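Everything on this sheet refers to the single structure shown next.
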Amino acid sequence: MSRQLSVIGTGVIGNGWIARALANGWDVVAFDPDPAAEARTRAFVDNAWPSLERRGLAEGADPARLTFVGNLEEAVAGADLVQENVPERLELKREILAALDAAAAPQAILGSSTSGFKPSDLQQACTNSPGRVIVAHPFNPVYLLPLVELVGGEATQPDQIEQAQGLYRELAMRPLVVRREIEGHIADRLMEALWREALHLVNDGIATTEEIDAAVIYGCGLRWSLMGTFLTFHLAGGDAGMRHMLEQFGPALKLPWTKLEAPELTDELIDKVVEGCEHQAAGRSVSELDRRRDDFLVEMLDLVQKYWPEAEGLEGRI
């Protein structure tokens with residue numbers, strides 16, 4: 001059965017959704033008020049397609065299945081799933097989602113790519129079927145990374161979350177249902193904690209941006225990509241596992257190591273971070289770095305699927 005994804009807002013995240021859906025054999029209808037949006041999106045898809053081919057295309061995958069339309073009502077006509085990707089302004093998202101709720105077919109799920117807002121806050125202006133408005137937060141590049149965090153709001157029913165899970169699985173994604181609403185969901189809160197610590201290390205002159213990234217790339221990041229945080233520490237406990245690890249290293253949690261309050265973004269700190277990143281890029285453009293990242297992720301996803309498919313929910317093609 002042919003599926004349709006409607007994408008509202010075609011920045012980096014919206015375009016990532018478009019490329020993923022096309023690679024999985026869906027029809028895609030997009031709307032963005034910017035007259036230059038369609039050309040940018042088609043160039044984005046062309047750039048992403050070689051990586052998607054390496055991952056394996058679904059039957060019917062074709063960039064030609066993308067259509068741009070001139071308004072929200074046209075965009076959602078016939079949609080199974082609508083993905084909202086407008087800027088992170090609560091009132092704007094409420095306005096757009098209310099219009100989508102009024103126009104979309106009753107069975108359509110309305111997912112918001114918001115990285116921070118709670119779904120109950122997004123549902124407030126919707127009067128038709130607010131429960132189908134959920135958070136569906138992906139990770140960049142959306143066309144390669146399989147995780148999507150699904151969060152239901154106060155009006156959301158369990159069957160609507162189940163329906164959403166099924167749709168995102170058809171997009172070859174790994175849905176992670178967040179049990180309770182919270183700003184920032186799960187992964188962004190973890191990344192924010194690491195980001196704050198990293199800024200302090202730069203600000204205090206302890207390490208450069210390159211040295212901090214090296215600590216992740218060649219150390220903890222390699223383990224995290226396969227086992228995450230908790231299973232990594234489970235192995236740190238030896239044969240006795242996590243219980244022994246907590247008994248031995250748990251007291252260290254009381255040590256004054258962390259500086260979770262973010263440092264002040266002074267001009268000096270901003271310059272340090274920017275100059276460090278430019279040094280790491282070594283003259284490569286962002287598009288060149290995108291291609292290197294995508295090539296790496298294609299091979300990394302193959303390894304994760306080979307060594308940890310069941311626990312990660314990555315059975316089959318992702």
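Each row is one residue, and each column tells you yes or no for (1) outside any helix (DSSP H, G or I); (2) modelled with pLDDT under 85; (3) of a type in the set (D, E, K, R); (4) more than 22 Å from the chain's Cα centre (by Cα).
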{"site": "His185", "(1), (2), (3), (4)": "yes, no, no, no"}
{"site": "Val202", "(1), (2), (3), (4)": "no, no, no, yes"}
{"site": "Ile212", "(1), (2), (3), (4)": "no, no, no, yes"}
{"site": "Gly219", "(1), (2), (3), (4)": "no, no, no, yes"}
{"site": "Thr232", "(1), (2), (3), (4)": "no, yes, no, yes"}
{"site": "Met242", "(1), (2), (3), (4)": "no, yes, no, yes"}
{"site": "Gln248", "(1), (2), (3), (4)": "no, yes, no, yes"}
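Report whether or not Gly9 is modelled with pLDDT under 95, touching a helix residue (DSSP H, G or I) at 6+ places or on another chain (Cβ under 9 Å) and of a type outside the set (D, E, K, R). Explain how you work it out, then say what you get.
Details: modelled with pLDDT under 95: no; touching a helix residue (DSSP H, G or I) at 6+ places or on another chain (Cβ under 9 Å): yes; of a type outside the set (D, E, K, R): yes.
Against the criterion (modelled with pLDDT under 95, touching a helix residue (DSSP H, G or I) at 6+ places or on another chain (Cβ under 9 Å) and of a type outside the set (D, E, K, R)), Gly9 does not qualify.
Being surrounded by 21 or more Cβ atoms within 10 Å (Cβ to Cβ), hydrophobic (A, V, I, L, M, F, W, C) and more than 15 Å from Val142 (Cα to Cα) is a property that does not hold for Ala19.
Collect the residues in segment 194-210 that are closer than 23 Å to Leu297 by Cβ and loosely packed, with under 15 Cβ neighbours inside 10 Å, keeping them in residue-number order. Passing the criteria: Leu194, Trp195, Glu210. Only one entry of Arg292, Arg284 meets the criterion of being part of a loop (DSSP other than H, G, I, E, B), modelled with pLDDT of 80 or more and closer than 28 Å to Val142 by Cβ, and that entry is Arg284.
The values are calculated or read from the model by the stated rules, or taken from the named source; none is laboratory data. Only a predicted model underlies this, so the values are computations on that prediction, with no experimental measurement involved. Note: ideal-geometry Cβ built from the backbone for every residue, glycine included; neighbour counts use all protein chains shown.
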